[in-house]
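Participant: I am attaching a structure below and will ask some questions about it afterwards.
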Amino acid sequence: MNILDEKPILSVPCNEPEGTVIRSVRPMNLHPDNLKNFWEHSKQFKTLFTSDVKDFAGFMNLIVDGGPDGYTPTPKGLFWVIDDFVGVFYMTRIEVGKDALVHYSFFDRRHRGRHRLVYEMLKYVFNRYEFNRLSVEIPMFVTEHTFKFVERIGFRVEGRKRKAASYSGELFDVKIFGLLRSDIGGLEDGIRY
């Protein structure tokens, strides 16, 4: 199954360095072809969604549970793909109507020009699932650029979990960010795309 056969939930013009590109976000089911493609794009990173992922088994453990019968995979969250795996959005720890932990990854390692794309996805998630807030957790071993990106989207620092993430055998603190439903409406004018 080709991911591009899925109908986009949103399409957004992104002012990227090469010019304006229309990026589309589609739901991603966990079909074996999609999982393989997802793994092929993500294995270039030492971590995925703040987890140390060394092999396909670790990747699958991050993405799915064995299911109630022990065989049928059950997703551990909700997944969306950007274009043909330019990146992904992923939600875990979902408490419908309350909160969810949100993740994103751009497999080409580029953020520039994609603020509006992430902002529109956050608006979609707030409206679709009626969350009161969304959370982000970022380990201190990532680049400063990642922290600036989520703050620019509107997330606010809410705290820190000490020694909560491991990377290459070391433990690192994790910064916690939050975005309230009431925050999202007034952000659009303040975000520089």
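The values are calculated or read from the model by the stated rules, or taken from the named source; none is laboratory data. In this text, all values refer to a predicted model and were calculated from it rather than measured experimentally. Cβ placement follows ideal geometry from the backbone for every residue including glycine, while neighbour counts extend to all protein chains displayed.
Participant: With the condition kept exactly as written, say whether any residue in the range 125-135 is at positive phi and either modelled with pLDDT of 95 or more or among the acidic types (Asp, Glu) (or both).
Facilitator: Taking every residue of the range 125-135 in turn, at least one turns out to be at positive phi and either modelled with pLDDT of 95 or more or among the acidic types (Asp, Glu) (or both).
Participant: Ok, one more. Kindly indicate whether any position in the range 41-49 is in contact (Cβ under 8 Å) with a residue 40 or more places away in the chain, in contact with a His (Cβ under 6 Å, 6 or more places away or on another chain) and over 22 Å from Phe131 (Cα atoms).
Facilitator: no
Participant: Still on this structure, please answer the following. Go over the candidates Pro17, Pro13, Pro8, Pro32 one by one and state the one that is under 18 Å from Arg114 (Cα atoms), exposed (fewer than 13 other Cβ atoms within 10 Å of the Cβ) and either touching an Asp or Glu at 6+ places or on another chain (Cβ under 9 Å) or not charged (D, E, K, R) (or both).
Facilitator: Pro17
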